[in-house]
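Participant: Input: one structure, supplied below.
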Amino acid sequence: MTALLEIENLHARVDGKPILKGVSLSIAPGEVHAIMGPNGSGKSTLAFVLAGHEAYEVTDGSIRFGDEDLLAMEPEERAHAGLFLAMQYPVEIPGVGNLYFLRQALNAVRKARGLEEISAAEFLRKAREEARRLGIGEELLKRDLNVGFSGGEKKRNEILQMALLEPRLAVLDETDSGLDIDALRVVAEGVNRMRSPERGFLVITHYQRLLEYIVPDVVHVMVDGRIRRTGGPELARELEARGYEAFVGRLAA
Amino acid sequence: MATAIETVREVTASEYKYGFTTPVEEERFPPGLNEDVVRRLSERKGEPAWLTEWRLAAFRRWQQMEMPDWQKVKFPPIDFQAISYFAAPKQKVRPKSLDEIDPEIRRTYDKLGIPIREQEILAGVAVDYVFDSVSVATTFKKKLEELGIIFCSISEAVREHPELVRKYLGSVVPPGDNFFAALNSAVFSDGSFVYVPKGVRCPMELSTYFRINAAGTGQFERTLIIADEGSYVSYLEGCTAPMRDEHQLHAAVVELIALDDAEIKYSTVQNWYPGDKEGRGGIYNFVTKRGLCRGRRSKISWTQVETGSAITWKYPSCILQGDDSVGEFYSVAVTNHHQQADTGTKMIHIGKRTRSRIVSKGIAAGRSDNTYRGLVRVLKSAEGARNHTQCDSLLIGEHCGAHTIPYIEVANRSARCEHEATTSKISEDQLFYCRQRGISEEDAVALIVNGFCREVMNELPMEFAVEAKKLLGISLEGSVG
């Protein structure tokens, strides 16, 4: 069976500094993978490389997304092909309404996929329904995109976008950071609702806490730009119990 | 780090979608300007003696005047003797009905998306079509006449309503006001005239669509709008021109007069040909626009979206003479490639408790320069005057400039003036965020810029807001790469 995402020997640098030093990873449709690791290990870099941020330069390796060469695609083409990145720090765009942005994004993606634009009524119905499930109030939908949103509101809003854009692969970059336990649960439920046999997830997190709510199929531990160990959900608990320090030390020895 | 907005992409001038020329037989004066030309122009238009004299007086004033040099914009000297001061499509008489209009001219406006007809898309908007030096059609005249509203070309107004024209022409912008106003007063060829009688609320948007077609000409139109006591009118102005290597001069004068309790809303979407990416060709848009809030509680509101022209140099202003009168100026000025803009407003507070509001959004991309220059003057008589000014600049790329030059002169202690200014850049992270959600880079720039301008766009009448939004996107195509 073809992998949804196939990363091989990926090397990347930022400002000339090597960050990823040979990452290999394969996600099959329907799987949820988690990447854990200490700060500075390259987790977020991997997320930005997947999404095609220009500040991250790939120096070696390959990424296949389904049948396509992901690295040859522009960021928007990756989105059209079904890659979604829920960002750790969603940006603010003053003057652009939250719902308006969402509809522009949805229509851009639909157009690229050969679908008709969604009608205003249908869009509103879907957006409101999903917002309600995520505990996003009507007022937040009308505000400017991410402007003045709390950390938790921004993260919920990312999940709202994900739900409407229906990606094939969703990358969640530290979606749990800055969330209280209730918000964490709501966000995790949002993700779990979207799990399906066709869709894959790559959940990047520093803490095991999130993985109690989004139970992964596979856990990878990333240290210093490489994946050092891969296992099942029990690996996350092991990390939590023993800490990265011991882990890094043992691996480095 | 290679930044997304560092390199300005090569763009072809073909992005200007209105750059075609209409093959229409024209009548035109040979280039050159002297008293004889002014006389001939006036005669050709069948004007009364007082107007011929008025033009000649203006011409003599103009001859004594020097081209101003305080502006930030730069351009080579203009040879006023090389311009033809009258060009008109040949037609024996002005068509009596819309069906008699030259099919070529009709096709021109069709291509521009503003077909000459009184139906469908333009229902609810009456349009005066000015083609080079003359007005070629005005729609919905009958309907407006029933309400006593006069909406016609200024040439027709001179013939049909001389008392109104004579009373108000030059009353807000006197012929000797400035170099270009004097030139316009001498050679203005056509333009629009509006009179809204007492207590009438004009039920539709009035609009003039200016089109420069002929080469080697300038366009010198004159617009005069009078809102009598308690009346209301919303007026829209749109402009385009063919692509040419030469610079063409557009030196218009617009005068607005609002009497007691009257309100005039004047909106402009200016998309004159901006020149190519090397800065060749394009319109010099040197315009004097001024509104006089003569009556108490009167209100004049300017909204402009300026995306075109090689150089935009104008300051739509309000003289707040009546007590409690209100002046507003909402502006979006976009410059790309080698375009230059030096634009802003003047708010002159004379009456008591007069209020003014200025919202200016300048967007600079490519190698362009974008200047806001504004004057708020509160005279001694203007007890309790208020002004709020907000100037925001958005930079795209590394080679453009944004400048804010406010002048505030206050002679009354009870007045309150506030000035806020910000400068920002479109960040790479904003662009990346939009693209990650599937929105193309160019659409993302348009989206972010439209967000930046929203306060101003909200002031535009519906009919224009959609067009203006698209225009912003088109003007900035290729500004990132």
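Participant: A:L71 - would you say it is surrounded by fewer than 21 Cβ atoms within 10 Å (Cβ to Cβ) and either modelled with pLDDT of 95 or more or facing chain B (nearest Cβ under 8 Å) (or both)? Give the derivation first.
Facilitator: Values: surrounded by fewer than 21 Cβ atoms within 10 Å (Cβ to Cβ): yes; either modelled with pLDDT of 95 or more or facing chain B (nearest Cβ under 8 Å) (or both): yes.
For A:L71, the condition - surrounded by fewer than 21 Cβ atoms within 10 Å (Cβ to Cβ) and either modelled with pLDDT of 95 or more or facing chain B (nearest Cβ under 8 Å) (or both) - is met.
Participant: Follow-up question, since we're still on this one. Exactly one condition in (1) within 14 Å of chain B (Cβ to nearest Cβ); (2) surrounded by fewer than 21 Cβ atoms within 10 Å (Cβ to Cβ); (3) within 25 Å of A:E198 (Cα to Cα) is not met by A:G52; state its number.
Facilitator: A:G52 satisfies all of (1) within 14 Å of chain B (Cβ to nearest Cβ); (2) surrounded by fewer than 21 Cβ atoms within 10 Å (Cβ to Cβ); (3) within 25 Å of A:E198 (Cα to Cα) except (2).
Participant: Give the number of residues within segment B:35-52 that are surrounded by fewer than 18 Cβ atoms within 10 Å (Cβ to Cβ), assigned to a helix (DSSP H, G or I) and of a type outside the set (D, E).
Facilitator: Within segment B:35-52, residues that are surrounded by fewer than 18 Cβ atoms within 10 Å (Cβ to Cβ), assigned to a helix (DSSP H, G or I) and of a type outside the set (D, E) number 7.
Participant: Counting only residues that are touching a residue at least 24 places away in the same chain (Cβ under 8 Å) and within 14 Å of another protein chain (Cβ to nearest Cβ), give me the strands (runs of 3 or more DSSP E) lying completely in segment B:344-440 with at least 2 of them.
Facilitator: Result: B:355-364, B:386-395, B:416-425.
Participant: Suppose we filter segment A:127-186 for residues that are surrounded by fewer than 21 Cβ atoms within 10 Å (Cβ to Cβ) and among the acidic types (D, E); how many remain?
Facilitator: So the count comes out to 9.
Participant: Give the residue that is nearest to A:L83 (Cα to Cα), with candidates limited to residues of segment B:441-459 that are facing chain A (nearest Cβ under 9 Å), surrounded by fewer than 19 Cβ atoms within 10 Å (Cβ to Cβ) and under 24 Å from the mean Cα position of the chain (by Cα).
Facilitator: B:R454
Participant: Same structure, new question: Could you tell me whether segment B:124-132 includes any residue that is farther than 22 Å from B:Y232 by Cα, at pLDDT 60 or above, part of a loop (DSSP other than H, G, I, E, B) and touching a Lys or Arg at 6+ places or on another chain (Cβ under 7 Å)?
Facilitator: no
Participant: With the requirement that a residue be crowded, with 24+ Cβ neighbours inside 10 Å, at pLDDT 95 or above and not charged (D, E, K, R), what does segment B:289-316 give you?
Facilitator: Residues satisfying the conditions are B:G291, B:L292, B:C293, B:S298, B:I300, B:W302, B:P316.
Participant: Which one is farthest from B:K425 (Cα to Cα), of the residues in segment B:343-354 that are charged (D, E, K, R) and touching an Asp or Glu at 6+ places or on another chain (Cβ under 8 Å)?
Facilitator: Filtering segment B:343-354 for residues charged (D, E, K, R) gives B:346, B:352-353.
Imposing the further condition that a residue be touching an Asp or Glu at 6+ places or on another chain (Cβ under 8 Å) reduces the set to B:352-353.
Working: B:K352: 40, B:R353: 37 Å.
My answer is B:K352.
Participant: Now, a different point. Which one of these does A:I35 not meet: (1) within 21 Å of A:D224 (Cα to Cα); (2) free of Cβ contacts under 8 Å to residues at least 60 places away in the same chain?
Facilitator: Of everything listed in (1) within 21 Å of A:D224 (Cα to Cα); (2) free of Cβ contacts under 8 Å to residues at least 60 places away in the same chain, A:I35 misses just condition (2).
Participant: Step by step: first the residues of segment A:74-88, then only those that are surrounded by fewer than 22 Cβ atoms within 10 Å (Cβ to Cβ) and at the interface with chain B (Cβ under 8 Å from one of its Cβ atoms), then the one that is farthest from A:L165 (Cα to Cα). Which residue is that?
Facilitator: A:E74
Participant: Can I ask one more? Would you call A:A112 at the interface with chain B (Cβ under 10 Å from one of its Cβ atoms), surrounded by fewer than 18 Cβ atoms within 10 Å (Cβ to Cβ) and out of contact with any Leu (no Cβ under 9 Å at 6 or more places or on another chain)?
Facilitator: On the way: at the interface with chain B (Cβ under 10 Å from one of its Cβ atoms): yes; surrounded by fewer than 18 Cβ atoms within 10 Å (Cβ to Cβ): yes; out of contact with any Leu (no Cβ under 9 Å at 6 or more places or on another chain): yes.
Against the criterion (at the interface with chain B (Cβ under 10 Å from one of its Cβ atoms), surrounded by fewer than 18 Cβ atoms within 10 Å (Cβ to Cβ) and out of contact with any Leu (no Cβ under 9 Å at 6 or more places or on another chain)), A:A112 qualifies.
Participant: So how many residues does segment A:163-179 have that are part of a loop (DSSP other than H, G, I, E, B) and either within 14 Å of chain B (Cβ to nearest Cβ) or free of Cβ contacts under 8 Å to residues at least 24 places away in the same chain (or both)?
Facilitator: Keep residues of segment A:163-179 that are part of a loop (DSSP other than H, G, I, E, B), which gives A:166-168, A:174-179.
Retained after the next criterion (residues that are either within 14 Å of chain B (Cβ to nearest Cβ) or free of Cβ contacts under 8 Å to residues at least 24 places away in the same chain (or both)): A:166-168.
The number of residues fulfilling the criteria is 3.
The values are calculated or read from the model by the stated rules, or taken from the named source; none is laboratory data. As the structure is a prediction and not an experimental result, all values here were calculated from the model. Every residue, glycine as well, gets a Cβ built from its backbone with ideal geometry; the counts of neighbours run over all protein chains shown.
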